[in-house]
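The values are calculated or read from the model by the stated rules, or taken from the named source; none is laboratory data. Note that this is a predicted model, so its numbers are computed, not measured. No Cβ is skipped: glycine too gets one built from the backbone with ideal geometry, and neighbour counts run over all protein chains shown. Each accessible area value is taken on the protein alone, full model and side chains, heavy atoms only, with ligands, DNA and RNA left out. Shrake-Rupley method; radii C 1.70, N 1.55, O 1.52, S 1.80 Å.
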Amino acid sequence: MVKSVPGWLRAATWAFVLLAGVFLLAPLVVVVGVSVSESQFIAFPPQGLSLRWYEKALGSPAYLDAFWLSLKLAVLVTVAASILGGAAAIGLSRGGRSGGTLETFFLSPLVLPSIIFAIGLLMLWSAVFGPTSFHALWLAHTVVALPYVIRTTLAVLAERDPFVEEAARTMGASRLQRLWFVTLPQCRPGLLAGAFFAFNISFDEAVLSLFLRNPGLTTLPVQIYGQLEFSPDPTVAAVSTLMILITIALMLILERMLGLTRFASG
């Protein structure tokens, strides 16, 4: 018979959850507060309310160019990681004994420090291709985003009904038809979730972008970092708040299309 949970343990659990929530959300509150401050400097709590820092950010060519570069890069990384990650996950789910070794290989970027990978890729790219380019950024971001697509897709494929594909084969469906009409629809929740992670990882990646940039390749995180280093003002907070809103919008879209609760429970 399971004993009831002591009252002190429940209170300690709720206190821990509350403190963890405050620890995670407090920085976001500070960033949003600074972004609407009238002060010329980064200060919290805000001294007066103003939207001029948003106007300055949205009218800055440096921020706009960096945003469009990051958006273009994130979209291309999402497409590449979804295609490659989906294909790898389907192959790994049918790999038998070799699947575990290959899965470890594909998921290895998760445990490799970003700075080590960035330095290694910078040295390799410079030796083989010369100066870094947009393609180097695309490749680097895709490599670090790929494991998330593979992991979420594998999680969905682990719950699939294998007899559905077998029934399609019995009914005369070709291998390509089974892939298109059976396997890919089964992968859809994992692919959408993986694409969400891939986009956010690429859009927010700073270490790889910092090492692989050149004067014409400055992503939004690198632009924010440079602004904080040399001339910090509340414009940085306004840009950061806009990035938070983009992430929230993507989460709402994913919830609408897939259902985050249903995916998490699966």
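Shown here for region 16-89: chymotrypsin sites (Phe, Trp or Tyr not before Pro) in loop regions (DSSP other than H, G, I, E, B) with at most 12 other Cβ atoms within 10 Å, namely 41.
A 1.4 Å probe run over the chain, with the rest of the protein chains in place, finds 60 Å² accessible per residue. Along region 210-219 the Karplus relation, 6.51 cos²θ - 1.76 cosθ + 1.60 evaluated at θ = phi - 60°, assigns HN-Hα couplings of 5, 7, 9, 7, 9, x, x, 10, 10, 7 Hz to successive residues, with x for each Gly and Pro. Take the Cα coordinates of region 165-233, assign each an equal point scatterer, and use the Debye formula without solvent to give log10 I(q)/I(0) at q = 0.16, 0.25 Å⁻¹. Listed by q, the Debye log ratios stand at -0.68, -1.02. Backbone amide hydrogens, once placed in the peptide plane, bring residue 217 within less than 5 Å of nothing, excluding anything fewer than 5 places away on its chain.
For region 1-82, the set of trypsin sites (Lys or Arg not before Pro) satisfying both a DSSP loop assignment and a count of at most 10 other C-beta atoms within 10 Å is given as 3.
In loop segments of region 157-245 as defined by DSSP, the GluC sites (Glu not before Pro) with at most 14 further C-beta atoms inside 10 Å of their C-beta are 159. For the chain, the share of accessible area belonging to carbon and sulfur comes to 72 percent (1.4 Å probe, ligands and nucleic acids excluded). Shape summary of the chain, radius of gyration then Dmax from alpha carbon positions: 22.6, 71 Å.
Each Cα pair of region 40-99 feeds into the Kirkwood radius, which the Stokes-Einstein equation turns, at 10 °C and 1.306 mPa s, into a diffusion coefficient of 101 µm²/s.
Among 218, 132, 13, the largest mean-square fluctuation in a Gaussian network model of the chain (Cα springs under 10 Å) belongs to 13.
Taking only the C-alpha atoms of region 1-158, the Rg (one decimal) and the largest Cα-Cα distance, Dmax (whole number), read 23.1, 68 Å. Pairs of C-alpha atoms in region 68-208 farther apart than 19 Å represent 56 percent of all such pairs. Comparing Cα centroids, region 121-159 and region 186-228 end up 11 angstrom apart. Name all residues of region 40-69 having a backbone nitrogen under 19 Å from the label point set 7 Å from the Cα of residue 28 along its Cα→Cβ direction, giving them as ranges. In region 40-69, the label zone of residue 28 (backbone N under 19 Å from the point 7 Å along Cα→Cβ) covers 46. Stretching residue 56 away from residue 114 to a fully extended chain increases their span by 17.7 nm, per 0.36 nm per residue minus the current alpha-carbon distance. With the alpha-carbon atoms of region 9-85 aligned to their principal axes, the span from lowest to highest coordinate is 49, 45, 14 Å, starting with the largest. Only helices enter the 222 nm calculation for the chain: every DSSP H run of n ≥ 4 contributes -39,500 (n - 2.57), and dividing by all residues gives -24500 deg cm²/dmol, rounded to 500.
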